[in-house]
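Working notes, beginning with the structure itself.
The values are calculated or read from the model by the stated rules, or taken from the named source; none is laboratory data. As the structure is a computational prediction, the values presented were derived from the model and not from experiment. Every residue, glycine among them, receives a Cβ derived from its backbone with ideal geometry; neighbour counts consider all protein chains shown.
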Amino acid sequence: MGDFVAGISVVCFAASYAVALAFEASRLFFRSGVRGAALVGFAAAGLLAHTLFLLWRAINEPAVPLSSEFDWYLLAAWLLAMGSLWLTLANPKTPVGLFFLPIVLLLIGRAEVASRVPFPQSPATQAWGMIHGSFNLAASVAVAVGAVGGLMWLIQAGRLSRKTTPAQGFRMPSLEKLAALTGRSMVVAATTGAAGFLSGMVLNAINQQSGLLETVPWNDPVVLRMGLLVGWLILAAVIARVLAHRPQGPRVRAWLSLVSLLVLAGSMSWGLVGSSRHGRSPIATLTPTETSETSPATAEEDRP
Amino acid sequence: MTLALLGATHRSVPLAIRERLAFTTDQAIEAIGRFRDCFPGRELVLLSTCNRVELYTAGEQESPPPTSEELLRFLAECRGINAGDLAGHLDCQVDQAVVRHLFGVASGLDSMVLGEPQILSQVKQAWAMARERDSTGPLTSEMFQSALRTAKRVASETAIGRERLSIPSVAVADFARGVFERFDDKRVLLLGAGKMAAETLRYLQDGGARHIVLLNRSLERATELASKLGGVAVEWSCLNEELAMADLVVSTTGASEPVVDATRYTAIESARGGRPLVVLDLAVPRDFDPAISSRPGVWLYSIEDLAAACEANRKKRQREIPAALAIVEEETSRFMAELHHRHTGPVIEQLRAGWNETGEAELERLFRKLPELDSAARLEIRKAFDRYAAKLLHPPLVSLRDESHAGPPHGLLDALKRLFNLED
């Protein structure tokens, strides 16, 4: 059993999700009596493999479980894949996976180029590190869910404006439901994003006081991009709130949620090219093994 | 011949004759009883709807189903009609055509409104009634079970019954439901007293609508409708206040000018607090100025928009016909193959029994010659004999099954009978 689980790779569950996505896309072209079961089967198989992969890493990781950038992206993808499967089961006529699975696959792809070296942590900062990572994870997932809700809202509103009946295999939830989903996601994203940023500041302050780990300066690219992201999320949530009782409120909310996803994607892409001290050990504490496991992008970032 | 059908459908028989042929439930029960008396040992399922009256009969080789003339006389007697008046109007089909027809009927392909699902429950009821009166048998039971399976396949694998065709159903299911998740917390405003508005309201009530306000220029008429449809009647002078509070408006007044123009709507827009408004304008000429649809949060559908959506749905259904017919054809072939294969049963049984008898005799002889064999060894030898016989029997069985797809495998059966000296 252990060997079997150890043999599960990222490709296994990414391929399962990709097949499930292909089944979802095929809804638009033809009907099938068995597609629903096949789609759920592949998505569930992918989720199972994904879960086992994360569990295996959590158990066998020498450091704090799932504390690397790689694990963080895979956890985000796992949460969205789970949400996608649940929503597919609850709404079998809606092509939920068509919206969620591409984001899941992009996150898995982003994980592949992320560092697998765990973020350095001392016993004093471990709890704050987990809080910081969890809030950021929740914010990112909420942004993705909100954007999916917003995109669905725009598609459904477009269909209702054109006064056409739903296309084959493309029945969207009601505008009312989608607007509520988008609105809640924006509030959750702004709140957890802000909490993640604040907990990062606390973490940094503890590091600075203890002197055990390297502190991140205010002008660090990660701090800047996270600050911009959180600032945008709060601004978007405030605008959505202000326009809540205006007729154009839901449409503006839908666009804001899509822009939030773009800002988040931009922020993640920025992380690929910028050099940062975020989540890095002081260079003297790095062991040769750790440096050799670091991805090319991370190796670049690790330079003083 | 094992299956026969005599029927009058909306396709070929005028309404006047169909009306005379239609059975009430009691009349159908009586007719089934009379059939059993007239044709003992035969099977009958009687399907009577507003669009068709059909007698599905079946019988085995020794007691074949009634002929078309016998069925015609029977039907005429049951309904008290001169058989001569019916001649030339009714369709008579036998065997595979009966199966194909029933499968098409159950799937809604022969309905006046293509793909309508109601016929399936009517087919089920007809079969259930026949079962209760013991007029079904193995043939009709298998045929009706297969018909239900075919209808299920057509419904799940094609879109023939999915697209809605009536204006009220499209208005509620495809448009109002696209905006609102639920209706029980929405305020529905009914303007005017058109028949279509009442039907639309029924769909909304089925969807959970509870808060219904009726406005008519005549308060008396509005009150009368409110008591009939459920809701509250309000003076026409309250139109602006009600518009400001409504979430969904169904309008069917007979006014020659728009009842709600852009100016009136703009005046009440701010009082709505940004809530979306769905307007189903079913009036001709229109009650709502089309310019209102450009206001944010307003989803305005005129009867023309809804009729166009219905027509698009009708075309979608038409496009599904080839796929549905392919399923019907596939299921018909499968059913007929199984039916034909039933003929081979007695021959196969004889063949198997003969081989088993020979095998048993040989085993007895072997065990007498080898008394030292213990029970385990004997059991193994017996199993080996059984496997050997099964493997020898497998190819002719497969050939018989394959041959059954093209019709009763009389040639192969005769050959088997002669080769293995089997009795008829």
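Those residues that are modelled with pLDDT under 90, crowded, with 20+ Cβ neighbours inside 10 Å and either under 16 Å from the mean Cα position of the chain (by Cα) or more than 19 Å from A:GLY227 (Cα to Cα) (or both), I need them from the range A:172-208; list them, please.
Selection gives A:ASN207 alone.
Tell me, please, whether a residue that is closer than 23 Å to A:ALA76 by Cβ, at pLDDT below 85 and of a type in the set (A, V, I, L, M) can be found in the range A:254-261.
no
Hand me the list of helices (runs of 4 or more DSSP H) wholly inside the range B:6-124 holding 3 or more residues that are basic (Lys, Arg).
Output list is empty.
Within the bounds of the range A:36-48, is there any residue that is in a helix (DSSP H, G or I), modelled with pLDDT of 85 or more, within 30 Å of B:ILE160 (Cβ to Cβ) and within 19 Å of the chain's Cα centre (by Cα)?
yes
So which of B:MET196, B:MET245 ends up being more than 20 Å from B:ALA307 (Cα to Cα) and away from chain A (no Cβ under 14 Å)?
B:MET245
Looking at (1) within 34 Å of the chain's Cα centre (by Cα); (2) surrounded by 14 or more Cβ atoms within 10 Å (Cβ to Cβ); (3) assigned to a helix (DSSP H, G or I), which one does B:ALA244 not meet, given that it meets all the others?
(1)
Do we have B:LEU219 as away from chain A (no Cβ under 14 Å) and buried (at least 17 other Cβ atoms within 10 Å of the Cβ) here?
no
When the residues of the range A:154-196 are narrowed to those that are of a type in the set (Lys, Arg) and in a helix (DSSP H, G or I), which ends up nearest to the other protein chains (Cβ to nearest Cβ)?
A:LYS177
For B:GLU304, work out the one condition from (1) surrounded by fewer than 21 Cβ atoms within 10 Å (Cβ to Cβ); (2) at pLDDT below 90; (3) touching a Leu at 6+ places or on another chain (Cβ under 9 Å) it doesn't fulfil.
(3)
Scan the helices (runs of 4 or more DSSP H) fully inside the range B:251-347 and keep the ones with 2 or more residues being over 30 Å from B:PRO409 (Cα atoms) and within 12 Å of chain A (Cβ to nearest Cβ).
Filter on the range B:251-347 gives B:262-269, B:303-319.
Quick one: count up the residues across the range B:119-156 that are over 26 Å from B:ALA4 (Cβ atoms) and more than 14 Å from every other protein chain (Cβ to nearest Cβ).
0
Within the range B:76-114, which residues are without any contact (Cβ under 8 Å) to a residue 12 or more places away in the chain and either under 15 Å from B:THR9 (Cα atoms) or outside the structural domain of B:LEU55 (by TED's automatic domain parsing) (or both)?
Once the filter is applied, which keeps residues that are without any contact (Cβ under 8 Å) to a residue 12 or more places away in the chain and either under 15 Å from B:THR9 (Cα atoms) or outside the structural domain of B:LEU55 (by TED's automatic domain parsing) (or both), the range B:76-114 yields only B:GLY88.
Got a sec? Which of B:VAL232, B:VAL213 is modelled with pLDDT of 90 or more, loosely packed, with under 14 Cβ neighbours inside 10 Å and in the same structural domain as B:VAL298 (by TED's automatic domain parsing)?
Just one listed residue meets the conditions, B:VAL232.
Being out of contact with any Asp or Glu (no Cβ under 7 Å at 6 or more places or on another chain) and buried (at least 18 other Cβ atoms within 10 Å of the Cβ) narrows it down to one residue among A:ALA43, A:ALA58, A:ALA38; which is it?
Unique residue meeting the criteria: A:ALA43.
Among the numbered conditions (1) buried (at least 21 other Cβ atoms within 10 Å of the Cβ); (2) modelled with pLDDT of 90 or more; (3) of a type outside the set (Val, Ile, Thr); (4) more than 25 Å from B:ILE303 (Cα to Cα), tell me where B:GLU132 comes up short.
(1)
When the residues of the range A:148-171 are narrowed to those that are without any contact (Cβ under 8 Å) to a residue 12 or more places away in the chain and out of contact with any helix residue (DSSP H, G or I) (no Cβ under 6 Å at 6 or more places or on another chain), which ends up surrounded by the fewest Cβ atoms within 10 Å (Cβ to Cβ)?
A:ARG162
For the range A:217-272, which positions are within 14 Å of another protein chain (Cβ to nearest Cβ) and buried (at least 21 other Cβ atoms within 10 Å of the Cβ)?
A:ALA240, A:GLY249, A:PRO250, A:ARG253, A:ALA254 - these are the residues of the range A:217-272 that are within 14 Å of another protein chain (Cβ to nearest Cβ) and buried (at least 21 other Cβ atoms within 10 Å of the Cβ).
Which pairs turn up if I take residues in the range A:21-49 that are without any contact (Cβ under 8 Å) to a residue 40 or more places away in the chain and within 19 Å of A:ARG171 (Cβ to Cβ) and look for partners that are acidic (Asp, Glu) and surrounded by fewer than 21 Cβ atoms within 10 Å (Cβ to Cβ) with beta carbon separation below 9 Å, at least 6 apart in sequence or on another chain?
Note: pairs meeting the criteria are A:SER32/B:GLU157; A:GLY33/B:GLU157.
Give the residue, chosen from B:ALA173, B:ALA159, that is within 14 Å of chain A (Cβ to nearest Cβ), in a helix (DSSP H, G or I), of a type in the set (A, V, I, L, M, F, W, C) and out of contact with any Ser or Thr (no Cβ under 6 Å at 6 or more places or on another chain).
B:ALA173
Can you pull out every residue in the range B:110-125 that is touching an Asp or Glu at 6+ places or on another chain (Cβ under 9 Å) and within 12 Å of B:ARG52 (Cα to Cα)?
B:ILE119
Yes or no: the range B:180-188 includes at least one residue that is crowded, with 21+ Cβ neighbours inside 10 Å and either away from chain A (no Cβ under 12 Å) or under 24 Å from the mean Cα position of the chain (by Cα) (or both).
yes
If a residue has to be farther than 16 Å from B:GLY178 by Cβ and either at pLDDT below 95 or of a type in the set (Val, Ile, Thr) (or both) to count, how many in the range A:148-168 make the cut?
Residues in the range A:148-168 being farther than 16 Å from B:GLY178 by Cβ and either at pLDDT below 95 or of a type in the set (Val, Ile, Thr) (or both): 1 in total.
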